[in-house]
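K.L.:
This is the structure I want to talk about, given as structure tokens.
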Amino acid sequence: KAGVTQTPRYLIKTRGQQVTLSCSPISGHRSVSWYQQTPGQGLQFLFEYFSETQRNKGNFPGRFSGRQFSNSRSEMNVSTLELGDSALYLCASSFGSTAGVTEAFFGQGTRLTVV
Amino acid sequence: GESVGLHLPTLSVQEGDNSIINCAYSNSASDYFIWYKQESGKGPQFIIDIRSNMDKRQGQRVTVLLNKTVKHLSLQIAATQPGDSAVYFCAESRSGGYNKLIFGAGTRLAVHP
């Protein structure tokens with residue numbers, strides 16, 4: 001069974017640009033969550049999508065957005081990039097449930113560098 | 001590879017010893033807990049989870065203990081191997097929070113031959 005696939009693995013962008021990252025979850029999983037990881041702040045939750053609906057959101061500015069498609073693949077977008085957005089962006093795939101938490105499996109991440 | 005965190009607490013152990021990594025969680029309403037292992041340049045790897053209706057759960061070479069009274073979680077690794085060297089994170093979540101995980105700061109485990 002294929003794992004969580006994130007593309008691209010590495011990205012370099014200039015301040016002010018926007019970027020789109022992609023995540024393909026494990027087959028059969030309907031929940032996709034996104035996290036930002038930095039040395040200073042650690043792993044922070046961005047948002048979660050389940051069956052194409054955002055059902056949870058972390059404390060990030062509106063420049064961070066996402067969506068999920070009918071095949072459960074998800075994208076996240078960051079507009080007007082700032083230097084502080086440089087981070088490892090991780091996607092987590094879960095079977096998903098309306099009842100509560102299920103095991104989450106992470107992809108390798110996308111390393112975004114803003115210059 | 002890329003370093004996960006530059007100033008994480010470090011636990012140094014000898015190969016073959018048992019390791020205990022501790023974590024204090026923040027929310028008394030949390031009812032689901034996971035331990036992840038992250039190697040340099042990789043995403044977190046699921047190790048073991050436990051729900052709040054349990055005190056202990058065992059996997060292969062790993063045991064997670066949950067003490068809800070003091071909001072404490074620990075991961076025990078038996079017969080630690082060099083391949084166990086990584087950063088270990090605990091994460092918590094709660095029913096109604098769906099798959100929103102709140103992560104601890106992490107502990108670096110260094111295994112010496």
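The values are calculated or read from the model by the stated rules, or taken from the named source; none is laboratory data. None of the values given here were measured: they were computed from a predicted structure. Methodologically, a virtual Cβ is constructed for each residue, glycine included, from the backbone with ideal geometry; neighbour enumeration extends over all protein chains shown.
K.L.:
Residues of segment B:95-109 being more than 7 Å from chain A (Cβ to nearest Cβ) and more than 14 Å from A:PHE45 (Cα to Cα), which ones?
P.N.:
Answer for segment B:95-109, where residues must be more than 7 Å from chain A (Cβ to nearest Cβ) and more than 14 Å from A:PHE45 (Cα to Cα): B:GLY96, B:THR107, B:ARG108, B:LEU109.
K.L.:
Here is a further query. Here are the criteria: (1) part of a strand (DSSP E or B); (2) touching a residue at least 60 places away in the same chain (Cβ under 8 Å). Tell me which single one B:GLN76 does not satisfy.
P.N.:
(2)
K.L.:
I need the full set of residues from segment B:61-85 which are under 26 Å from A:THR38 (Cβ atoms) and either surrounded by 22 or more Cβ atoms within 10 Å (Cβ to Cβ) or within 12 Å of chain A (Cβ to nearest Cβ) (or both), in order please.
P.N.:
Those that are under 26 Å from A:THR38 (Cβ atoms) and either surrounded by 22 or more Cβ atoms within 10 Å (Cβ to Cβ) or within 12 Å of chain A (Cβ to nearest Cβ) (or both): B:LEU73, B:LEU75.
K.L.:
Can you name every residue in segment B:32-56 that is assigned to a strand (DSSP E or B) and either buried (at least 16 other Cβ atoms within 10 Å of the Cβ) or of a type in the set (A, V, I, L, M, F, W, C) (or both)?
P.N.:
Within segment B:32-56, B:TYR32, B:PHE33, B:ILE34, B:TRP35, B:TYR36, B:LYS37, B:GLN38, B:PHE46, B:ILE47, B:ILE48, B:ASP49, B:ILE50 qualify.
K.L.:
Let me ask you something else. Counting only residues that are more than 14 Å from chain B (Cβ to nearest Cβ) and either within 17 Å of A:LEU43 (Cα to Cα) or modelled with pLDDT under 95 (or both), how many does segment A:55-70 have?
P.N.:
Of the residues in that region, 2 qualify.
K.L.:
Name the one entry in B:ALA91, B:ALA110 that is in a strand (DSSP E or B) and closer than 27 Å to A:TYR49 by Cβ.
P.N.:
Within the list B:ALA91, B:ALA110, the selection yields B:ALA91.
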